[in-house]
Amino acid sequence: MAPVALETPVHTNGASTPVSISKKAHAFDPATQQLPNIDPSKLTIKLNPELAAVPAPEKLTFGTIHTDHMLLLTFSPESGWSAPSIQPYGPMSIDPMASCIQYATNIFEGMKAYMGADGKPRLFRPDLNMARMKRSADKLALPPFDEQALLKLIKKLVLIEKRWIPTAPGCSLYIRPTMFGTRTGFGVTPSTHATLLVILSPSGPYFPGVVRPISLYAESRVRRAWPGGTGGFKLALNYAPTLGPTRDAAKMGYDQILWLFGEDDHLGEVGQMNAFVVLKQDDGSLEVVTPPLDGTILPGVTRHSVLDLTRAHSAESPIPGLPTDLVLHVVERDIPIAELIKYSETGKLAEVFGVGTAAVLVPINRIGYGEEGKEIKIEGGANGFGPIAKAVREELMAIQEARRPNAWSVPCEE
Ligand code: COI
């Protein structure tokens, strides 16, 4: 199936780019093929008369409260994308027959806003989120949209909600763009109608309490994703089936699941994060490994950034905190669980960590496997962080919080 394409990708002069819907992708009336796209110039803003109190940063947990406003757009095959609206946060009514309720046509993104020392809110590599959201929408045959127009509106919302951006270390304003199908009916066909909303949540650490290492149970009986499946897309339906197995792992004393796949039970994701492993080599160098994007792995923005930073590590562009002559071999390849066990048994498993937008980077200190209480133990430094995890996390956060100037950190401006 040909991908759903916009005629031109970016707004150049504020004029709306029409949405072009291929007949193959959507069984819509062909008359609907040139529909209004998202148009930031049509934005209406209705401010909330009752602003909530912003909580103290030390009280913040992950994703439990929301800000005062949300961005809302709807799509219909008759009128395309509606004029965007920033309005008071509040409940929405939804038809019980809606596609999202009946057939899980829901996609989302996770982004974060940080406050720069210059008082400008900043987003981290937001183009990558927009591109991924476009791919997720196409996967579920949800309507296409102009990513740059949506990004412009997200920046506007963040500016309006600026007072909610926590400045304490490790805190941020989590941004949740969400789209869902609202076509009513039980026919299993693309949702002709959709709602796109963006909500914000001031957030502290993803895992409750102080920053600490987490434990995993290596699950080989249940699979999260498989080649040709949906694991490489950010669809809500990828998360629901992990909840039962994660509850069961918690009963065994583990924080999250290490998802495995294939006859060799190679590593997939770590709970909702991308996995990284650091292996000691005989010549003193380190191999930094993450599973390849084979369709079972979410192309995470943090994963992409960790690969970029570690690949660039050298005397010319060192990651602060790491020896400049440390050689890192950065590789995307399968890691069978048996290989991890072997490296651990020979004392060469240096570090394991998970990375993602919500958690940034979390070290792993033990991995249970099999049914006999066997465990891989991973030594960490202070708070369980090995040297690579510590240096990479600090560098990422310095860029995200705009303490270190970097083009990845994109200011929100009018
Ligand atoms: C993220 O890291 O942003 C995620 O999407 C993980 C989770 C909150 C679903």
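The values are calculated or read from the model by the stated rules, or taken from the named source; none is laboratory data. Here the structure is a predicted model, which is why all the values come from computation and not from measurement. Cβ coordinates were reconstructed from backbone atoms using ideal geometry, including for glycine residues, and neighbour counts include every protein chain displayed.
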Going by the structure shown, is residue 211 under 19 Å from residue 371 (Cα atoms), part of a loop (DSSP other than H, G, I, E, B) and either in contact with a helix residue (DSSP H, G or I) (Cβ under 6 Å, 6 or more places away or on another chain) or within 14 Å of the ligand (Cβ to nearest atom) (or both)?
no
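State which residue is nearest to residue 131 (Cα to Cα) when the search covers only region 268-285 and only residues that are more than 16 Å from the ligand (Cβ to nearest atom) and in contact with a helix residue (DSSP H, G or I) (Cβ under 7 Å, 6 or more places away or on another chain).
Among those that are more than 16 Å from the ligand (Cβ to nearest atom) and in contact with a helix residue (DSSP H, G or I) (Cβ under 7 Å, 6 or more places away or on another chain), it is 277.
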Filter result for residue 334 (away from the ligand (no atom under 16 Å from the Cβ), under 18 Å from residue 266 (Cα atoms) and part of a loop (DSSP other than H, G, I, E, B)):
yes
Being surrounded by 22 or more Cβ atoms within 10 Å (Cβ to Cβ) and in a loop (DSSP other than H, G, I, E, B) is the filter here, so list the residues in region 273-297 that pass it.
291, 296, 297
Has region 220-227 got any residue that is in contact with a helix residue (DSSP H, G or I) (Cβ under 6 Å, 6 or more places away or on another chain), away from the ligand (no atom under 13 Å from the Cβ) and in a strand (DSSP E or B)?
no
(1) exposed (fewer than 13 other Cβ atoms within 10 Å of the Cβ); (2) free of Cβ contacts under 8 Å to residues at least 60 places away in the same chain all hold for residue 320 apart from (2)
Would you mind stating whether residue 180 is in contact with a Lys or Arg (Cβ under 6 Å, 6 or more places away or on another chain) and buried (at least 21 other Cβ atoms within 10 Å of the Cβ)?
no
Answer yes or no: is there a residue in region 298-305 that is touching a helix residue (DSSP H, G or I) at 6+ places or on another chain (Cβ under 9 Å), part of a strand (DSSP E or B), surrounded by 15 or more Cβ atoms within 10 Å (Cβ to Cβ) and not basic (Lys, Arg).
no
So, residue 395, is that one without any contact (Cβ under 8 Å) to a residue 24 or more places away in the chain and either surrounded by 15 or more Cβ atoms within 10 Å (Cβ to Cβ) or assigned to a loop (DSSP other than H, G, I, E, B) (or both) or not?
no
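Tell me, which residue of region 228-245 that is under 22 Å from residue 263 (Cα atoms) and part of a helix (DSSP H, G or I) is farthest from the ligand (Cβ to nearest atom)?
Going through region 228-245, the residues under 22 Å from residue 263 (Cα atoms) turn out to be 228-232, 238, 241-242, 245.
If we keep only those that are part of a helix (DSSP H, G or I) as well, we get 238, 241-242, 245.
On the way: 238: 9, 241: 14, 242: 10, 245: 15 Å.
Taking the candidates together, the pick is 245.
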Within region 192-199, does at least one residue satisfy the condition of being touching a Lys or Arg at 6+ places or on another chain (Cβ under 9 Å), buried (at least 21 other Cβ atoms within 10 Å of the Cβ), outside the structural domain of residue 334 (by TED's automatic domain parsing) and over 30 Å from residue 68 (Cβ atoms)?
yes
